[in-house]
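Reading through the structure tokens given below for one structure.
None of the figures in this text is laboratory data; all of them are computed from the coordinates on show. For clarity, every value in this text was computed on a predicted model and none was experimentally measured. In this analysis, Cβ positions are derived from the backbone assuming ideal geometry, glycine residues included, and neighbour counts consider all displayed protein chains.
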Amino acid sequence: MKPSAFDYHAPGTATDAVALIAGLGDEAKFIAGGQSLMPMLNLRLAVFDHLVDLRKLAELRGIERRGDAVWIGAGTTHSTVGRSTELATAVPLLSRATPLIGHFQIRNRGTLGGSIAHGDGAAEYPAVALALDAEIEALSPRGSRTIPASEFFTGMWTTDLEADELLTGVSFPTWNGRSGFAIEEFARRAGDFALAGAAIAIRLDAASTLDRCAITLFGVAPTPVRVTAVESELLGRTIREIDADEIGRRALDSLDTVSDDLHGPAAYRRRVGATITARAWRRAVDEATAARE
Ligand code: FAD
């Protein structure tokens, strides 16, 4: 399949890009790596008269330590994220998520900002952003604003971004202390989107009591989901008292509805999701208990 005809634009600055898209209106769309948008255009699931390419925007690329967070430019590719030694130590969950995304060709072209802006409920980076309380920066002709990840993902392929807003970067808070991070998923084939996945971050105090906890499920609902009720029950408990399988079951039971499609019925996703969550929990606990204060 081929996309319908469109006019191609490649502005040189973020300010020009937002001015351009604001002027073109609903018939225009930003394109970054094209790894989600191009298949949709080719299949004619989406039709736009204008594409505004972000590839010339050098200001959208980079990885920078900013206080207690690491800022990643929206145009930074998945491959660059995966290779970053800074991120491997400062935001390990993001590094560990990267090899799970598609195939290396997709990771070479796809961008962190594109993945977050696309907002697929089965995608890894949105789940990590939610688990770590990331902050998402957007620029429009009205100025810039910061959106907490908890308010950003509003539905399947739908986010809080306005049509004329450019996602410029994402800040991921770093965790200190005895922390453990794990991301696990199940997909039918390597490189496929997850049928069920879990991204978990925990921190222990000196007495091995859980003092920070984030459990995010993906692939099981239209958006990534934080199971905050389960997190609250766990906080303050000694890590030895907590049963991983019970967490897996509780996490999936806490969801009223679970995605149900030809790739995986809801009941199957609940079972697989519970197993995957328990597996991620064990790995996060192993890392946190081995870590020094
Ligand atoms: P594009 O495709 O260019 O854009 C996607 C959407 O985001 C468009 O609506 C576009 O307008 C918007 N957008 C892009 N950048 C911005 C911006 N800076 N500001 C505002 N809006 C913006 N992803 C996974 O997470 N996990 C997988 O397992 C996975 N498997 C894949 C397998 C295949 C075969 C393919 C083709 C893709 C797969 N992907 C997967 C998707 C891939 O990660 C994409 O790269 C990513 O979802 C979108 O990034 P992009 O830069 O390619 O964005």
Amide H contacts under 5 Å for Thr13, placed H, 5+ residues apart: none
Positive minus negative residues near Leu100 (Lys, Arg vs Asp, Glu; Cβ under 14 Å): +1
Local net charge near Pro148, Cβ-Cβ under 14 Å (Lys/Arg +1, Asp/Glu -1): -3
Share of alpha-carbon pairs per 5 Å distance bin for the chain, given as whole %: 1, 6, 12, 16, 18, 16, 13, 9, 5, 3, 1, 0, 0
For region 178-290, with +1 on Lys and Arg beta carbons and -1 on Asp and Glu, the positive-most of Ala199, Ser259, Cys213 along the dipole: Ala199
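Of the DSSP beta bridges with both residues in the chain, give the percent that are antiparallel, rounding to the nearest 5.
Once the DSSP bridges in the chain are tallied, antiparallel ones form about 85 percent.
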For the chain: relative contact order, % (alpha-carbon pairs under 8 angstrom, 6 or more apart): 16
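Within a Cβ distance under 10 Å of Arg269, other residues only, what is the Lys/Arg minus Asp/Glu net charge? Provide the component values of the computation, followed by the final result.
Details: positive: Arg270, Arg271; negative: Asp260, Asp261.
Surrounding charge for Arg269 is 0.
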Table column - 3J(HN,Hα) (Hz), region 170-182, Karplus curve with 6.51, -1.76, 1.60, x for Gly and Pro: 10, 9, 10, x, 8, 10, 10, x, 7, 9, x, 9, 8
Protection proxy ranking of 112-118, 18-24, 197-203 - average other beta-carbon atoms within 10 Å, highest first: 197-203, 112-118, 18-24
Region 143-293: C-alpha gyration tensor shape, a/c 1.5 cut-off, then a/b vs b/c: oblate
